[in-house]
Amino acid sequence: MTSSSLPSAFLPTLQSSDKPFKRRSSVAPITASVSEKSSVSNSPVSISSSEPPKLPIRKIPGDYGLPFFGAIKDRLDYFYNQGRDEFFKSRVQKYQSTVYRVNMPPGPFISSNSKVVIVLDGKSFPVLFDVTKVEKKDLFTGTYMPSTDLTGGYRVLSYLDPSEPKHAQLKQFLFYLLKSRRDYVIPEFAASYNQLFDGLEKDLASKGKVSFNDPGDQAAFSFLGKCYFGVNPVDGKLGTDGPSLITKWVGFQLAPILSVGLPAFIEEPLIHTFRLPAFLNKKDYGRLYDFFSSSAGSLLDEAEKMGIAREEACHNLLFATCFNTFGGMKIFFPSILKWIGRAGMKLHTELAQEIRSVLKANGGEITMAALEQMPLMKSAVYEAFRIDPPVPTQYGKAKRDIIIESHDAAFEIKEGEMIFGFQPFATKDPKIFDRPEEYVADRFVGDGEKLLQHVLWSNGPETEHPTIGNKQCAGKDFVVLMSRLFVVEIFRRYDSFEIEIATSALGASVTITSLKRATF
């Protein structure tokens, strides 16, 4: 979802507390990622202080174990012996530090160097956004980079550091896409999701319950096709295959850092030790590329005017739309349903009242101005970003010797060392957030807006904005907008809904068991 961080969509999300809502906000697209091969004049935002540390410097605890075998042991702990969250938590307890050394998957033989310094608190984490201190080159997926055979032979924008000439050019291309199609977002979203909810209601009436995920994926991809290119993918050669083709293609790239729930003796040699061969996905990727090539003609014309080769622009546009934007919607929309659904009737009623009263005052129309008049809705969305950030991991390589600070100590990181941040721990930092494991829907209402600087899902603070000189998600504001529209469409249509939740390798699996139509 960001041009330098893993799309939420295809990473397992942190399983947070099941505690419900207790009552307690601005917008500006999902991560666009686009290619390689214009120096950046914009000064990137500097988040970590360059002043001398005020805390005592402590040696970074932890170790990497024996060569080769240490990385294997940590990988087995991460996927099987402990599981992801316990893998991080147990070492925090062991070292009494939120900063320590560890190996991150995949390790041998996919990654040549799995050693990282991990940061797990809200104070140290932002160093990963400071491109004056860390380099982002080829670190989108972490300690390894998928084959460029999966992206047409190009290093797409997600793998570029802002210091590389193509970064500014390609990110500017994404900004052009988002600006040129902004008038289509609200009407196309309403059309696509009204059609989705009509279908869900029919299936619910006939079956008693209905899965949201698969029809939700189809609605998301159709919306993006119509919003970005004026074309519904379902009406062409892709038919309804788009979401499954994307999921398979992304799986080839992220398999080394995913678990699909198989026993270790199967998963380890199958997806964690050697790369899945890219040629096995060539035909399916070709179908996606053909759709973008034929549908995005005017955008590709503009890319050529900007000095970007047409083919390269197309591969990057595909990546931005499918990996980042669609991927984010695939994971985050079920997450919104999960958290708001679990919160219960009281929150549902308050959201419905706020949304409908604002829409009535605005002539029934959904507009950007109307959305800004819904503080509870905005906060509920931000809280979902905080508690289940759709981009859970960040990587950066120290450009020079630097000092970082946690809440308790300062640590020296040497030039060339890899820094890794697991975001769900940072955004649930108990020294920043009250009741961090709870979904508090109105957390960011009123004075709570001050906490938005600690909502970090977009590869930068929510209070900052993407530029060609940083790695913050080009589509940050688009993603927030879509998420708000999703909540508004639900509660202008329904008083309440009930769900069942299961987990999967790709986040929450949501089954809708009840949809109560609007009565006021």
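The values are calculated or read from the model by the stated rules, or taken from the named source; none is laboratory data. What you see is a predicted model, and the numbers here were worked out from it, not measured in a lab. Here Cβ is always computed from backbone atoms with ideal geometry, including for glycine, and neighbour counts include all displayed protein chains. Quick note on the areas: whole protein, heavy atoms, side chains included, nothing else; ligands and nucleic acids left out. Shrake-Rupley method; radii C 1.70, N 1.55, O 1.52, S 1.80 Å.
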Label-point separation in nm, Leu76 to Lys450, each point 7 Å along Cα→Cβ: 5.0
Above-threshold pairs, the threshold being 29 Å between Cα atoms, out of Lys209/Lys330; Lys226/Lys282; Lys202/Lys338; Lys397/Lys428; Lys166/Lys237: Lys166/Lys237
Rg to Rh, two decimals, where region 91-152 supplies the alpha carbon set and Rh follows Kirkwood: 1.04
Shape call, region 389-517: gyration tensor on alpha carbons, a/c limit 1.5: prolate
Calculated FRET efficiency for the pair Ala205/Ser163, C-beta based, R₀ 41 Å, to 0.05: 0.15
In region 52-137, trypsin sites (Lys or Arg not before Pro) in a DSSP loop with at most 12 other beta-carbon atoms within 10 Å: Lys54, Lys59
Inter-label distance for Ser244 and Lys89, nm, one decimal - labels placed 7 Å from Cα along Cα-to-Cβ: 3.7
Protein accessible area in the chain, 1.4 Å probe - carbon and sulfur %: 53
Lys, Arg +1 and Asp, Glu -1 on Cβ, resulting dipole of region 459-520 about Cα centre, debye, nearest 20: 180
Sparse-neighbourhood loop sites, trypsin sites (Lys or Arg not before Pro) in region 350-414 - DSSP loop, at most 16 other Cβ within 10 angstrom: Lys399, Arg400, Lys414
Where only C-alpha atoms are counted, convex hull volume of the chain per residue in Å³: 140
Percentage relative contact order, region 368-431, counting C-alpha pairs under 8 Å, at least six apart: 33
FRET efficiency, 1/(1 + (r/R0)^6) with R0 22 Å, evaluated for Tyr176 and Ala309 via beta carbons: 0.85
Karplus-derived HN-Hα couplings along region 250-265 (A = 6.51, B = -1.76, C = 1.60, θ = phi - 60°), whole Hz, x at Gly and Pro: 5, x, 4, 7, 9, 3, x, 10, 10, 10, 9, x, 7, x, 4, 5
Additional length obtainable on full extension of the chain from Ala191 to Thr503, 0.36 nm per residue less Cα span: 109.4 nm
Check: the chain dipole with +1 on Lys, Arg Cβ and -1 on Asp, Glu Cβ, in debye: 380
Distance (nanometres) between label positions extended 7 Å along Cα→Cβ at Asp301 and Asp214: 4.0
Trypsin sites (Lys or Arg not before Pro) within region 139-222, DSSP loop, no more than 13 other Cβ atoms inside 10 Å: Lys209
Calculated FRET efficiency for the pair Lys283/Met368, C-beta based, R₀ 35 Å, to 0.05: 0.25
Accessible-area order (highest first, 1.4 angstrom probe) of the listed residues Ser147, Ser97: Ser147, Ser97
Positive-pole candidate from Ile331, Ala313, Gly341, dipole of region 295-348, charges at beta carbon: Gly341
